[in-house]
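Everything on this sheet refers to the single structure shown next.
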Amino acid sequence: MAKIAFVIPALNEEKSLPFVLQDLPKPDKNHIVIVADNGSTDKTAEIAKKYNAIVVSQPTKGYGIACLTALAELQNHHPDTDVVVFLDGDYSDSPKEWKQLVNPILHQNYDFVLGSRVLGMKQGMTEKGALLPQARFGNLLSTFLIRLFWKERYTDLGPFRAIRYASLQKLNMQDKNFGWTVEMQIRAVKANLKILEIPVSYKKRIGVSKVTGTIKGSVMAGIIILKTIFKELFASRSV
């Protein structure tokens with residue numbers, strides 16, 4: 001049986017995290033749940049432990065560095081992991097859909113499966129108002145640039161995604177902030193991974209977004225994502 005690891009970067013998600021963890025498989029020898037506590041000041045870590053999740057602490061703020069900390073835990077203690085699933089701790093994703101992301105990797109030889117909120121929206125799977133205009137614009141611009149530079153037709157930079165662990169290790173992920181998702185998608189193309197996008201559900205998050213919930217957060221995240229795209233482009237051309 002395949003060993004699946006679920007990675008959840010979390011910052012002050014005590015209200016939403018119980019719902020996320022309830023919808024995932026209970027941790028056992030084949031299912032690992034890692035909550036990367038990114039400097040929470042509430043009971044996020046305490047709640048994660050209550051649900052038998054592995055808690056790794058990363059006080060330095062940043063989506064990417066939280067994910068990297070969780071991956072260090074995998075490398076050190078669970079190197080036999082087969083697939084890694086990333087999802088947010090705010091319950092905007094639908095954790096019960098994890099098998100839809102994992103099965104193409106286990107049974108159809110895909111390496112990377114991205115849950116697309118945009119495709120989900122087209123199929124009526126997205127709650128009205130969940131995908132904010134600034135996020136939709138950012139997705140549109142970013143995926144256009146990826147298509148322009150690397151010829152890959154992504155529709156989203158969604159956080160809900162699954163990747164073969166061996167393939168993920170080859171990507172040498174480095175971004176420590178909000179460029180993490182786009183860095184993974186670009187490097188997956190560069191590494192010639194077999195990629196699939198599938199529609200996923202999306203709903204309004206519990207609590208206020210640290211990114212799209214404020215104008216400053218949206219602008220800063222957008223700048224970081226664009227910088228990551230052009231960093232990867234220049235790296236490609238320098239090889």
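Around I32, which amide H atoms from residues at least 5 apart in sequence, or from another chain, sit under 5 Å from its own amide H, with H modelled in the peptide plane?
For I32, the qualifying residues are I4, A5, F6.
Ordered by residue, what ³J(HN,Hα) values in Hz, to whole numbers, does segment 29-43 give under the Karplus form 6.51 cos²θ - 1.76 cosθ + 1.60, where θ = phi - 60° and Gly and Pro are x?
Rounded to whole hertz, the list is 5, 10, 9, 10, 10, 10, 9, 8, 6, 8, x, 5, 10, 10, 9.
For segment 121-230, with all protein chains present and a 1.4 Å probe, just round the carbon and sulfur fraction of the accessible area to a whole percent.
Answer for segment 121-230: carbon and sulfur cover 60 percent of the accessible area.
So what J values fall out for segment 85-91 if you push phi through Karplus, 6.51 cos²θ - 1.76 cosθ + 1.60 with θ = phi - 60°, rounded to Hz, Gly and Pro as x?
Coupling constants for segment 85-91: 10, 9, 7, 7, x, 9, 6 Hz.
Quick check for me: using +1 on Lys/Arg Cβ and -1 on Asp/Glu Cβ, what's the dipole size of segment 1-160 about its Cα centre, in debye to the nearest 20?
About 400 debye.
Lysines near K151 by alpha-carbon distance under 21 Å, same-chain residues fewer than 8 away left out - which ones?
Of all the lysines, those that pass the test against K151 - Cα under 21 Å, at least 8 places apart if same chain - are K170, K190, K194, K227, K231.
What residues qualify as long-range amide H neighbours of Y202, i.e. H under 5 Å apart, gap of 5 or more or another chain, H built at 1.01 Å from N?
So Y202 has HN proximity to T126, E127.
May I ask you to derive the FRET efficiency for N30 and Q169 from their Cβ-Cβ distance with R0 = 22 Å, giving the value to the nearest 0.05?
My answer for the efficiency is 0.65.
Running a GNM on the chain with Cα contacts under 10 Å, which residue among T69, T60, T181 ends up with the highest mean-square fluctuation?
T60
Given a Förster radius of 35 Å and the C-beta distance between K227 and Q22 as r, what FRET efficiency does 1/(1 + (r/R0)^6) yield to the nearest 0.05?
With R0 = 35 Å, the Cβ-Cβ based efficiency is 0.40.
Apply the Karplus parameterisation 6.51 cos²θ - 1.76 cosθ + 1.60, with θ equal to phi minus 60°, to every residue of segment 125-133 and state each ³J(HN,Hα) to the nearest whole Hz, in sequence, with x for glycine and proline.
Couplings: 9, 9, 5, 4, x, 6, 8, 5, x Hz.
Could you state the number of Å between the C-alpha centres of segment 105-164 and segment 9-48?
What the calculation gives is 24 Å, centre to centre.
Determine the per residue accessible area of the chain with all protein chains present and a 1.4 angstrom probe, expressed in square angstrom. Can you show the working numbers first?
Values: 11490 Å² over 239 residues.
Per-residue accessible area for the chain comes out at 48 Å².
Assuming a ≥ b ≥ c are the square roots of the Cα gyration tensor eigenvalues, decide whether segment 5-94 counts as rounded (a/c under 1.5), prolate (otherwise, with a/b larger than b/c) or oblate.
oblate
How long is segment 34-157 along each principal axis, judged by its Cα atoms, biggest number first, in Å?
So the three principal-axis extents are 39, 35, 29 Å.
Roughly speaking, what is the stretch gain from K204 to H107, that is 0.36 nm per residue apart minus the C-alpha to C-alpha distance, in nm to one decimal?
Between K204 and H107, full extension yields 31.8 nm more.
Work out how much length M220 to Q75 would gain on full extension: take 0.36 nm times their residue separation and subtract the Cα-Cα distance, in nm to one decimal.
49.1 nm
About the Cα centre of segment 77-121, what is the dipole size in debye to 20, counting +1 per Lys and Arg Cβ and -1 per Asp and Glu Cβ, all else neutral?
Computed about the Cα centre, the dipole is about 180 debye.
The values are calculated or read from the model by the stated rules, or taken from the named source; none is laboratory data. The structure displayed is predicted, hence computed values, not measured ones. Cβ coordinates were reconstructed from backbone atoms using ideal geometry, including for glycine residues, and neighbour counts include every protein chain displayed. In case anyone asks, the SASA skips ligands and DNA or RNA and just uses the protein heavy atoms, side chains included. Shrake-Rupley method; radii C 1.70, N 1.55, O 1.52, S 1.80 Å.
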